[in-house]
Amino acid sequence: MFVGHYGPALIGKAAAKQVKLWHLFLAVQLVDIAWAILIILGIEQARIVPGFLEASDLDLYHMPYTHSLVATAGWMLFAMVAYRLRRPTAGLGGAFIIALAVGSHWFTDLIVHTQDLPLMLDGPRVGYGLWDNLLLSQIVEIGIVLLGLMFFLRSTYATSNFGKISPWLLSAVLLALQAYNHFAPPPGEIKIMAAMALVSYVLLAYVASLTDNSRAAR
Ligand SMILES: [Zn+2]
């Protein structure tokens, strides 16, 4: 899953107004940020297999440290402690919402991934495989984002003219990246794909910060 992960980030902002939206944007993708780095370092492994699933060319055959359920629990704990220490003003509630955002990644991945998500470090592997159906997976994934956007719009208001259009700018960037992800030909090298993913996570966090700064909590 790609943009669907941002639905929980937008809901998290509605639940914890003191937490910056771009922190939530990085939190929901923390596991994938770590994945991209470990792929580039050659510690986790995946390969590009065109047509592997109708909506994904990725054969993610070895990702125990980022995408196992047990590792996700570790990432949640790490993020909660780090956020509590680095952003004490966000309170324990803010750190808890960050941890939930990190954990949401695994459960949203679970919907679309084929059986490649290990429960423990080396299995058993689970995944409901919605990526087998391009249309259905996109309806679900974009639906999750729209749900998050609804929460965000209802819990904030524009503080400038830009604030009136910024949520739609964010949505447009999300949709454009989602379309690119599914319809552009994949790069030939998995490490290039991982580097491109890192760039897109940073870009989306930046657009999220612009959006957040142009709106205030109701
Ligand atoms: Zn993932």
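The values are calculated or read from the model by the stated rules, or taken from the named source; none is laboratory data. Values in this document were obtained by computation on a predicted structure and should not be read as measured data. FYI the Cβ positions are ideal-geometry reconstructions off the backbone, even for glycines, and counts take in every protein chain you see. Just so you know, the surface numbers come from the protein's heavy atoms only, side chains and all, with ligands and any DNA or RNA stripped out. Shrake-Rupley method; radii C 1.70, N 1.55, O 1.52, S 1.80 Å.
Structure summary
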item	result
Other-chain or far-sequence residues with amide H under 5 Å of ALA46's (modelled H)	none
Reachable aspartates and glutamates, given that their alpha-carbon falls under 14 Å from the alpha-carbon of LYS20 and they are not under 8 places away in the same chain	ASP212
Residues listed by number, segment 179-218, amide nitrogen under 14 Å from TYR157 label point at 7 Å toward C-beta	215-218
HN-Hα J in Hz across segment 75-80 - Karplus 6.51, -1.76, 1.60, θ = phi - 60°, x for Gly and Pro	5, 5, 5, 4, 5, 5
Whole-number percent relative contact order across the chain, with pairs defined as alpha carbons under 8 Å at least 6 apart	31
Cα centroid separation, segment 132-173 to segment 42-116 (Å)	21
Note, ³J(HN,Hα) from phi for segment 96-106, Karplus 6.51, -1.76, 1.60, rounded to Hz, x at Gly and Pro	5, 5, 4, 4, 5, 4, 4, x, 4, 4, 5
Furthest towards positive pole of dipole, ALA179, ALA101, SER137, structure part the chain, Cβ charges	ALA101
Whole-number accessible area per residue in Å² for the chain, which is evaluated in the context of all protein chains at 1.4 Å	47
With every protein chain in place, the chain: carbon and sulfur % of accessible area (1.4 Å)	70
Mean ellipticity per residue at 222 nm, deg cm²/dmol - from DSSP H runs of n ≥ 4 across the chain, formula -39500 (n - 2.57)	-21500 deg cm²/dmol
In sequence order, calculated HN-Hα J values of segment 193-199 (Karplus, 6.51, -1.76, 1.60; Hz; x Gly/Pro)	4, 5, 5, 5, 4, 4, 4
Value of D in µm² per second that Stokes-Einstein yields for the chain, Kirkwood Rh from Cα pairs, at 20 °C (1.002 mPa s)	122
